[in-house]
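The values are calculated or read from the model by the stated rules, or taken from the named source; none is laboratory data. If you're wondering where the values come from, they're calculated on a predicted model, not measured in any experiment. These area figures cover heavy atoms from the full protein model, side chains too; ligands, DNA and RNA do not enter into them. Shrake-Rupley method; radii C 1.70, N 1.55, O 1.52, S 1.80 Å.
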Amino acid sequence: MLGISPEIVLFGLGVGILIGLTGIGGGSLMTPLLIIVLGIHPVVAVGTDLTYGAITKTLGGYKHLRKGTVDLGVSKWLAYGGVPGALIGVLLVDRLHKVYGKSF
């Protein structure tokens, strides 16, 4: 079965349905399931969820853009703060790792 766990597929289905019904972010649901129930290492669970989220949010955003339900002005202002904030956050974590070690 190509190494795909049926539990992960079922969790993905369940989380997808809950996201569709409620709009709750998938990371708040899927990451704890991967860590607690399946015993996946937290860094791997978070990285996997972020990759999945990036793909699905990009496709969802594109769909909304095509439907005209995106305010590009608001998106621009969010990007003015969000993009530099994300870059500063990565640099800060890198700096903290250098100062306090990888166990930080």
Run the accessible area of the chain with a 1.4 Å probe and give the carbon-and-sulfur part as a rounded percent. 73
Mean separation of Cα contacts under 8 Å (at least 6 apart) over the residue count of the chain, i.e. the relative contact order in percent, is 14
Based on the Cα gyration tensor of the chain, what are the three equivalent ellipsoid semi-axes, each the root of five times an eigenvalue, rounded to whole Å and given largest first? 27, 26, 10
At 1.4 Å probe size, with every protein chain present, just tell me what the per residue accessible area of the range 16-90 comes to in Å². 75
